[in-house]
Amino acid sequence: MRLAFALLLCAGPAAADIFITRHADKRDAKDDASTLSARGFRRAQDLRRVLSSVPLKAVYCTEYVRSAQTAAPVAKSHGLAPIVTPYDDLAGLVKALRTRPAREDVLVVGHSDTIPGLLKELGVAEPVTIASDDYDNLFIVAPSSGAAGFHRLHYGAAPTGPKR
C-alpha cells in the first residue's frame, strides 16, 4: 500500500489534489454525537503518517467532534488550523474547494453520507458508497474541467500490542 501511494504522489499532480476521508472509528456507532474510539484515535494518527509527505495547504472538517478529532493530527503536523465547514453545507464546501489557489493540496474529513455527494460535485463519475462500519477509505480527487481524476485507497489503524 505504501509503495502504491508513494507512486501516486511521485507522479507529480498537474493540479491540486483533494484528499477525502471519512472521520475515523466512532466510540458509539449509534450515537451521532460520538467521539472517536481508541481505534479511531490510532487511525487518525495513521492518516497523519500517510499524509506526512503531502504538502497540504488546508484541512477541512465538519463541526462534529469525531471529524475534528480525525483532522487534528494531520492539521497539527502541517502547522494548519482546521477549517470547519457545516456538515449540511455541501455547496459551501465545494465552493471553498473550487476557489482555492491552483496546486494547493487539501484534506477533507467528512462523513459516510456526505462524501459520495462531495465526490460527485467534484466531477467523480464513479458512484461511491460507504458502509456504516467502513472507516478506512482515502479518496484522492484531481478536479478538472472534465471528469475528475480519482483514486480510492485504504489505510488502517495502527496495530496495538507487541509486533510479531
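Residue-by-condition table, conditions (1) more than 22 Å from Arg49 (Cα to Cα); (2) without any contact (Cβ under 8 Å) to a residue 24 or more places away in the chain; (3) touching a Gly at 6+ places or on another chain (Cβ under 7 Å):
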position	(1), (2), (3)
Ala102	yes, no, no
Val108	no, no, no
Asp113	yes, yes, no
Pro116	yes, yes, no
Leu119	yes, no, no
Val124	yes, no, no
Asp136	no, no, yes
Ala142	no, no, yes
Arg152	no, no, no
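Residues of the range 27-61 being assigned to a loop (DSSP other than H, G, I, E, B), open to solvent by 10 Å² or more (accessible area, probe 1.4 Å) and touching a strand residue (DSSP E or B) at 6+ places or on another chain (Cβ under 8 Å), which ones?
Across the range 27-61, the qualifying residues are Arg27, Thr35, Ser37, Pro55.
With respect to the numbered conditions (1) under 24 Å from Lys30 (Cα atoms); (2) surrounded by fewer than 18 Cβ atoms within 10 Å (Cβ to Cβ); (3) among the small types (Gly, Ala, Ser), which one is the sole condition not fulfilled by Gly149?
Status for Gly149: all satisfied but (1).
Quick one: what pairs do we get from the range 52-76, first residue within 14 Å of Lys26 (Cβ to Cβ) and free of Cβ contacts under 8 Å to residues at least 40 places away in the same chain, second assigned to a loop (DSSP other than H, G, I, E, B) and among the small types (Gly, Ala, Ser), C-beta under 9 Å, 6+ apart or different chains?
So the pair list comes out as Val65/Ala33; Val65/Ser34.
Open to solvent by less than 10 Å² (accessible area, probe 1.4 Å) and in contact with a strand residue (DSSP E or B) (Cβ under 8 Å, 6 or more places away or on another chain) - does that describe any residue in the range 74-83?
yes
The values are calculated or read from the model by the stated rules, or taken from the named source; none is laboratory data. Treat the numbers as computed from the prediction; the structure is a model and nothing was measured. Heads up, the Cβs are rebuilt from the backbone with ideal geometry, glycines too, and the neighbour counts pull from every protein chain shown. Calculation scope for accessible area: heavy atoms of the full protein, side chains included, ligands and nucleic acids excluded. Shrake-Rupley method; radii C 1.70, N 1.55, O 1.52, S 1.80 Å.
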